[in-house]
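Trainee: Right, I'll just put the structure down here and ask away after.
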Amino acid sequence: MSEWGRVGDDGTVYVRTADGEERAVGSWQAGSGAEGLAHYTRRFDGLATEIMLLEQRLRSGAGDPGQVATSARRLVETLPTANAVGDLGSLQRRAEALVAATAEAVEKAKAERVQAREQAAEQKAALADEAEKIAGSSEWKTAGERLRTIGDDWKALPKLERKADDELWQRIAAARKRFAERRTTHFGALEEQRGVSKTRKEKLIKLAEELSTSTDWKATAERFKGLMTDWKSAGRAPREVEDVLWASFKAAQDVFFAARNAQFAAQDDEFRGNQKVKEEILAEAEALDFAGAPEKATARLRELQERWEKAGKVPREVMRSLEDRMGAVEKKIRESSEKRWQASSASPFEVRLREKVTELEQKLEKARAAGRPTDELEQQLATQREWLAQAGGGSAPVAPSKPEERAEQPRRKQTSGWVRADA
């Protein structure tokens with residue numbers, strides 16, 4: 001016997017109700033009365049646990065309040081006749097309290113569901129709007145990926161009323177279809193264009209291979225620059241052949257530029273050797289004593305100038321400095337000669353004649369270098385030399401007929417440095 005029940009002598013199990021009366025809940029014949037009470041008490045504990053769990057679900061808001069209400073009403077109906085031993089009245093009151101509490105929660109849940117559907121309708125409409133906007137995009141990869149994820153976003157939202165749901169989804173499906181058709185058309189045209197690009201690049205490769213053995217360094221280098229411009233403007237060939245085409249084109253270029261670089265390297269070695277020779281000539285020319293021994297210095301300079309011309313071309317970066325240094329030596333001898341003339345006892349008329357002869361000699365030298373007719377200049381020069389000889393009584397030196405034979409002012413042909421073909 002316990003506070004809430006007992007087992008009769010015939011094995012009947014009774015529970016004490018809230019009003020103090022007893023109600024038979026079952027029969028126990030398998031063991032002692034204590035074991036029978038324990039068995040029906042465990043049934044009571046199971047009912048109490050069920051009510052406790054329903055109370056927790058309602059408080060947490062995690063469960064559907066409608067389901068909690070259904071379970072609570074079932075308990076309210078079954079507890080009065082429950083085959084269990086315990087304070088069934090207390091459980092009855094708790095179950096009835098649950099039913100009352102869930103009524104408010106059910107109404108709140110309904111309002112939340114309505115609000116959720118409204119939000120879902122807005123979100124799904126926004127997805128349909130976005131899909132229709134993306135359908136006109138040419139960002140094929142990005143737009144295609146977003147149209148795919150729009151479907152995932154749609155599935156994550158609550159369902160709407162069927163008709164509204166279907167209408168919005170059809171907008172998305174239609175946008176996807178339009179985008180797919182545009183993308184197919186675009187890549188079809190692109191594939192056709194890539195076929196044209198492949199043909200153009202194959203022609204450029206053929207031209208490059210024909211030019212690869214040329215030794216016209218400057219013109220061919222410029223031509224290769226033009227081919228590179230044409231290559232870039234030709235567009236991309238199909239992906240599977242683009243790298244192969246480029247490798248062939250570059251290989252042809254490499255053949256030409258490797259040969260050109262080898263040639264330039266050999267010429268550079270030669271020109272550096274010429275530079276060394278000219279620097280040695282300059283060192284000797286700059287050391288000549290035009291003031292103390294003008295005739296000897298002039299004769300030696302003439303020899304050095306001949307060696308200078310035979311020395312050949314030099315690297316471009318030193319050409320100007322070497323020419324300027326040799327020009328300074330030539331200027332030095334001219335100034336020395338002019339000083340000697342001014343210091344001589346020659347008359348002003350004779351000095352003017354000498355200046356005229358020098359001027360005509362320079363003009364004649366330039367005319368010969370340019371390939372122009374020289375008959376008139378030679379006749380004028382011959383006349384001026386004759387007058388100079390007469391003015392000097394035959395004792396004055398007669399200027400030579402060629403620049404390289406002049407004793408007073410030896411001159412040389414200007415030699416330009418070498419300029420690379422592709423400079």
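Trainee: Would you list which lysines come within 17 Å of residue 203, measuring only between C-alpha atoms, while excluding same-chain residues fewer than 8 positions from it?
Mentor: Cα-Cα hits under 17 Å: 225, 232, 250.
Trainee: Could you state the angle between the C-alpha long axis of helix 348-370 and the longest principal axis of the C-alpha atoms of the chain, as a value from 0 to 90 degrees rounded to the nearest 10?
Mentor: On a 0 to 90 degree scale, this one is about 50.
Trainee: Return the sequence-ordered ³J(HN,Hα) values of the stretch 227-233 in whole Hz as given by the Karplus equation 6.51 cos²θ - 1.76 cosθ + 1.60 applied to θ = phi - 60°, using x for Gly and Pro.
Mentor: So the J values, rounded to whole Hz, are 5, 5, 4, 5, 4, 5, 7.
Trainee: Moving to a separate point now. How far apart, in nm, are the 7 Å Cα→Cβ label points at residue 214 and residue 299?
Mentor: Distance between the two pseudo-spin positions: 5.4 nm.
Trainee: Listed here are the pairs 310/356; 133/201; 133/198; 296/331; 218/313; which of them are more than 27 Å apart at the Cα?
Mentor: As for pairs spanning more than 27 Å Cα to Cα, those are 310/356; 133/201; 133/198.
Trainee: Please list, in chain and number order, the residues 5+ apart from residue 26 or on another chain whose amide H is under 5 Å from its amide H, with Hs placed from the backbone.
Mentor: When sequence neighbours closer than 5 places are left aside, the close amide H contacts are 13.
Trainee: Could I ask something else about it? For the chain, with a Gaussian network of springs between Cα atoms less than 10 Å apart, report the residue from 357, 314, 15 with the top mean-square fluctuation.
Mentor: Comparing 357, 314, 15 in a Gaussian network model of the chain, the most mobile one is 15.
Trainee: Take residue 24 and residue 263, extend 7 Å from each Cα along the Cα→Cβ direction, and tell me the distance between the two endpoints in nm.
Mentor: 12.6 nm
Trainee: If the reach is capped at under 19 angstrom between alpha carbons, list the aspartates and glutamates near residue 110, excluding any in the same chain fewer than eight residues apart.
Mentor: 64, 118, 122, 161
Trainee: Counting other beta carbons within 10 Å of each residue's own, what order do 39, 186 fall into, fewest first?
Mentor: 186, 39
Trainee: What 222 nm value per residue comes from the helices of the chain, counting each DSSP H run with n ≥ 4 as -39,500 (n - 2.57) and dividing by all residues, nearest 500 deg cm²/dmol?
Mentor: Details: 11 runs with 307 residues, N = 423.
After summing the helix terms and dividing by the residues of the chain, the value is -26000 deg cm²/dmol.
Trainee: Right, something else. With +1 on each Lys and Arg Cβ and -1 on each Asp and Glu Cβ, how big is the dipole of the chain about its Cα centre, in debye rounded to the nearest 20?
Mentor: Computed about the Cα centre, the dipole is about 1640 debye.
Trainee: Would you order 52, 319, 228 from fewest to most other beta-carbon atoms within 10 Å of each residue's own beta-carbon?
Mentor: Taking fewest neighbouring Cβ atoms as first place, the list is 52, 228, 319.
Trainee: If R0 is 35 Å, what FRET efficiency do you get for residue 156 and residue 2 from their C-beta distance, rounded to 0.05?
Mentor: 0.05
Trainee: Apply the a/c threshold of 1.5 to the C-alpha gyration tensor of the chain and tell me whether it is rounded, prolate or oblate.
Mentor: Judged from the Cα gyration tensor, the chain comes out prolate (a/c at least 1.5, a/b above b/c).
Trainee: Rounded, prolate or oblate: which fits the stretch 5-108 when a ≥ b ≥ c are the square roots of the eigenvalues of the alpha-carbon gyration tensor, with rounded for a/c under 1.5 and prolate only if a/b beats b/c? Working shown, then result.
Mentor: Details: a/c = 3.62, a/b = 2.50, b/c = 1.45.
Note, shape of the stretch 5-108 comes out prolate.
Trainee: Assuming R0 = 60 Å, can you tell me the calculated FRET efficiency for the pair residue 113 and residue 10, based on Cβ-Cβ distance, to the nearest 0.05?
Mentor: Taking R0 as 60 Å, the efficiency between residue 113 and residue 10 is 0.65.
Trainee: Moving on. Measuring from label point to label point, each 7 Å out along Cα→Cβ, what is the residue 272 to residue 316 span in nm?
Mentor: The modelled label-to-label distance comes out at 1.8 nm.
Every number in this text was worked out from the coordinates using simple rules, so none of it is lab data. Since the model is a prediction, treat every value here as computed from it, not as a measurement. FYI the Cβ positions are ideal-geometry reconstructions off the backbone, even for glycines, and counts take in every protein chain you see.
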